[in-house]
Amino acid sequence: MTFLRSLSNRMFAAGALLAVVPLGIAIWSVTAAVTAQAERELVRGLEEAATLMEENWKTLFEHFDREARLIADLSRLKAIVELNDPPTAAPVAQAYREIIAADVLILTHRTGTLLAYAGGAGLEVEELASRAAIREAASGRKARAFWGFPGGILQVASVPIWIDPAHPEILGTITVGSSLNQEAAQGLKNLTNSDIAFAIDGEIKAATRPNGDWPALARLLIGGSQTVRLGSEEFVWLARPLTTAAGHGAPTALILRSKTERLRFLNAVYTALGVTALAAVLAATLLSYGVARTITRPLAVITATMRETAATGDLTRRIKLPPSALGEDEDAQLLASTFNTMTESIGRFQREAAQRERLSSLGRLSTVVAHEIRNPLMIIKASLRSLRRNDLRPDDMKRALGDIDEEIARLNRIVSDVLDFAKPIKFELAQADLNALCRDAARAAGLEAEGDADAAITLALDSKLPPVVTDAERLRLVLLNLLTNARHAVEAGAEPRQPVQLRTRRLGDDRVAISIGDRGVGIGQENLARIFEPYFTTKRGGSGLGLAIARNIIEGLGGSIAVVSRPGEGTDITLELPVTAGALQPIQA
């Protein structure tokens with residue numbers, strides 16, 4: 001990723017991640033823990049509500065067992081039951097029902113006939129005497145039962161009415177009960193803070209939920225998931241049997257609590273956590289960005305100075321770090337001072353190396369110049385000795401004087417080459433057409449122009465090349481020298497001869513390149529490393545200063561020269577020049 005290539009961006013991203021990831025993990029952990037705890041509390045509350053409801057109906061059974069036994073022991077009730085007169089028993093039963101606040105009170109005779117039914121539960125009166133609980137009470141045992149009716153379930157307790165408990169003579173039975181209807185369900189909801197539903201025989205008889213939810217509640221009687229969706233809310237639920245009997249038809253109470261409503265408060269918690277997390281992330285992001293900037297800003301100053309030093313070669317540049325609001329960065333200061341010390345040391349070493357190189361070059365130059373001068377001087381000396389002869393003929397005199405003149409010219413050329421190589425180059429910079437310079441140099445080097453039948457050069461000049469600021473005359477001399485060498489290499493090579501290739505092209509926005517290639521004899525690897533040394537040459541009669549002077553000129557114009565060559569395959573020379581020359585002066589030997 002290109003974004004992470006920058007040190008400041010990597011530090012920024014790392015700081016942001018260090019804030020976001022732990023904070024995200026913490027928020028997720030807290031959210032999960034709070035949600036789990038809330039769900040556990042919801043289930044625990046549901047269990048407590050179920051326990052409370054069970055205690056409620058058990059208490060009702062015990063209450064009605066006790067009340068029924070007390071009423072059954074009253075002499076008045078025994079006398080009325082013994083009379084077996086329904087009109088007489090009916091008002092008494094109604095009175096007792098009101099006294100004990102029961103929903104239903106039923107009296108039966110020992111013969112199994114119904115004496116009185118007080119209450120409005122909606123039961124079928126004709127079949128009451130045949131109910132199992134009443135029959136069991138008639139046999140001398142108390143009984144409990146749940147009877148379904150439209151709108152609810154009747155919770156009843158039946159006891160026998162007898163004269164002597166030790167040797168009981170059963171006169172009849174009394175049954176009292178309370179309705180588990182809509183009103184009772186609402187009361188339990190207020191008590192347990194849960195929705196309640198009563199079911200018997202697989203059918204919901206009463207519930208605090210709307211009638212439209214009853215089919216879904218009925219399906220819960222056969223089991224299933226611990227959650228159910230009613231409307232737009234999700235509920236957790238429990239089923240509690242109202243008797244020890246098991247089975248689909250057994251009376252059952254459903255206790256439900258809205259998970260959606262109970263966990264709704266968590267939305268506020270999550271919102272607060274989200275806002276806090278966002279604020280923390282923003283603060284951490286800004287802080288990491290600030291830290292990254294405080295670290296990378298001095299590094300940017302250091303790298304910019306390094307880049308300028310590398311581009312210009314100016315070792316006198318020093319890094320000066322800008323002041324920071326957080327104070328000085330010790331690491332950046334150490335890096336800057338180390339770089340400054342290093343450039344000072346490199347500059348000193350360069351000066352010492354240049355001095356040693358100058359002394360060494362002076363020694364080599366002295367040896368070469370002495371060798372080059374000795375031969376002309378010997379010829380001049382021999383010619384002068386010939387002129388001292390008394391019998392010298394005019395033709396011999398002319399020949400001796402010609403030799404002296406030729407050797408003096410040779411000495412002058414040697415001195416001129418030495419001066420051209422040794423003296424500092426003063427460039428005269430101006431805009432120039434690089435393609436025109438190449439064409440002119442090709443003509444001056446004796447190479448036929450492209451298009452002729454026997455063309456000795458192939459030109460591939462970039463027509464979109466911009467004008468360059470350079471010393472046109474000195475650059476022309478360099479090209480002339482290189483093209484002449486290329487022509488000589490081609491002429492010394494094998495047939496058929498291939499033309500020299502001269503090409504110009506642009507390198508980016510601020511540099512151009514000139515390439516000269518020939519398929520001539522090439523240069524051996526043992527000589528390739530020495531071709532720029534002064535007075536090194538493999539050509540007979542060559543001075544050995546041409547390439548050395550060429551390199552000084554190209555480097556003085558801010559460019560570079562590179563040579564690739566193989567024996568028998570040819571040589572390729574590439575000159576790279578800036579569009580605007582900086583006129584950097586090379587160190588002269």
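The values are calculated or read from the model by the stated rules, or taken from the named source; none is laboratory data. Predicted model only: the values in this text are computed from it and were never measured. Here the Cβ is made from the backbone with ideal geometry for all residues, glycine too, and neighbour counts use every protein chain on show. Only protein heavy atoms, including side chains, enter the accessible area calculation; ligands, DNA and RNA are left aside. Shrake-Rupley method; radii C 1.70, N 1.55, O 1.52, S 1.80 Å.
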Provide the gained length on full extension for the span N211 to T271, in nm with one decimal, where the gain is 0.36 nm per separating residue minus the Cα-Cα distance. 18.0 nm
How would you classify the range 60-140 from its alpha-carbon gyration tensor, with a ≥ b ≥ c the square roots of the eigenvalues: rounded for a/c under 1.5, else prolate if a/b is greater than b/c, otherwise oblate? rounded
Roughly how many Å² is the accessible area per residue of the range 477-530, as a whole number, for a 1.4 Å probe? 52 Å²
Quick one: which residues, 5 or more positions from L115 or on another chain, have an amide H under 5 Å from its amide H? H modelled 1.01 Å from N in the peptide plane, none for Pro or chain starts. L107, T108, H109
Sorted by accessible area (1.4 Å probe), largest first, how do H109, H488 line up? H488, H109
Using θ = phi - 60° and the Karplus form 6.51 cos²θ - 1.76 cosθ + 1.60, what ³J(HN,Hα) does each residue of the range 425-433 get, whole Hz, x for Gly and Pro? 8, 10, 8, 10, 8, 6, 5, 9, 8
Distance between the range 484-519 and the range 140-205 - C-alpha centres, whole angstrom: 117 Å
Under 18 Å Cα-Cα from K398, which lysines qualify once same-chain neighbours fewer than 8 residues away are excluded? K381
List every residue whose amide H lies under 5 Å from the amide H of I161, counting only residues 5 or more places away in sequence or on a different chain, with H placed 1.01 Å from N in the peptide plane. L171, G172, T173, I174
Placing each pseudo-label 7 Å from Cα in the direction of the beta carbon, L461 and L387 end up separated by a distance in nanometres of 5.0 nm
E308 paired with D405, simple spin-label distance in nm, labels 7 Å along Cα-to-beta-carbon: 6.0 nm
So, for the range 93-149, what is the accessible surface per residue at a probe of 1.4 Å, expressed in square angstrom? 47 Å²
At a probe radius of 1.4 Å, what is the per-residue accessible area of D85, in Å² to the nearest 10? 60 Å²
I'd like the Karplus ³J(HN,Hα) series for the range 385-399: coefficients 6.51, -1.76, 1.60, θ = phi - 60°, whole numbers in Hz, and an x wherever there's a Gly or Pro. 5, 5, 5, 7, 5, 6, 9, 5, 7, x, 5, 5, 4, 4, 5
Among the listed pairs K58/K78; K205/K259; K189/K259, give every one whose C-alpha distance is greater than 20 Å. K58/K78; K205/K259
Give me the net charge for the shell around R66: Cβ to Cβ below 12 angstrom, other residues only, Lys and Arg +1, Asp and Glu -1. -2
Expressed in square angstrom to the nearest 10, the accessible area of D213 with a 1.4 Å probe stands at 20 Å²
Within the accessible area of the range 94-169 (1.4 Å probe), percent carbon and sulfur: 52 percent
Suppose every K and R has +1 on its Cβ and every D and E has -1 on its Cβ; what is the size of the dipole of the range 42-120 about the Cα centre, in Debye to the nearest 20? 300 debye
How long is the gain from A370 to E41 if the chain were fully straight, where each residue apart is worth 0.36 nm and the alpha carbon distance is subtracted? 107.6 nm
Hey, can you grab everything whose amide H is under 5 Å from the amide H of G493? Only 5+ residues off in sequence or another chain; H modelled, so Pro and N-termini drop out. V521
Estimate the FRET efficiency between A166 and E82 by the formula 1/(1 + (r/R0)^6), using the beta-carbon distance for r and 25 Å for R0, to the nearest 0.05. 0.85
